[in-house]
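Here's the structure we're looking at; comments come further down.
The values are calculated or read from the model by the stated rules, or taken from the named source; none is laboratory data. As the structure is a computational prediction, the values presented were derived from the model and not from experiment. With ligands, DNA and RNA removed, areas are computed over all heavy atoms of the protein, side chains included. Shrake-Rupley method; radii C 1.70, N 1.55, O 1.52, S 1.80 Å.
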Amino acid sequence: MTQPYELIPTNPCPFCGGKSKITCVRRGNYSRKGDNYQGLCNKCKARGPLVQDDPQLAADKWNSVEVKK
């Protein structure tokens, strides 16, 4: 069984170092067509790429972001 998306561990924000989490947004207006997931920084509000129906993949993409300095 997969864990709830709220409990999936994420790295700190690659831009500001703030805490981050995985968020969920429903697809479809009144008829539910699935979910979109993405990483979100609680401090600077940076967002990762949208991923359809796979919160673990969204976390993996967020955790792999590298900032060029």
Arrange the residues ASP35, ASP53 by how much accessible surface each exposes, largest first, with a 1.4 angstrom probe. ASP53, ASP35
Descending semi-axes in Å of the chain, equivalent ellipsoid built from Cα gyration tensor: 22, 13, 10
Per the helix-only calculation at 222 nm, which mean residue ellipticity applies to the chain, given -39500 (n - 2.57) for every DSSP H run of n ≥ 4 and division by its residues, nearest 500 deg cm²/dmol? -3500 deg cm²/dmol
Quick one: how many lysine pairs does the chain have with C-alpha atoms less than 21 Å apart and a gap of 8 or more or different chains? Give me the count, please. 15
Apply the Karplus curve 6.51 cos²θ - 1.76 cosθ + 1.60, θ = phi - 60°, to the phi angles in the stretch 26-35 and return the couplings in whole Hz, x for Gly and Pro. 6, 9, x, 6, 9, 9, 6, 10, x, 10
May I ask you to compute the full-extension gain from LEU57 to SER31, defined as 0.36 nm times their residue separation minus their alpha-carbon distance, rounded to one decimal in nm? 6.9 nm
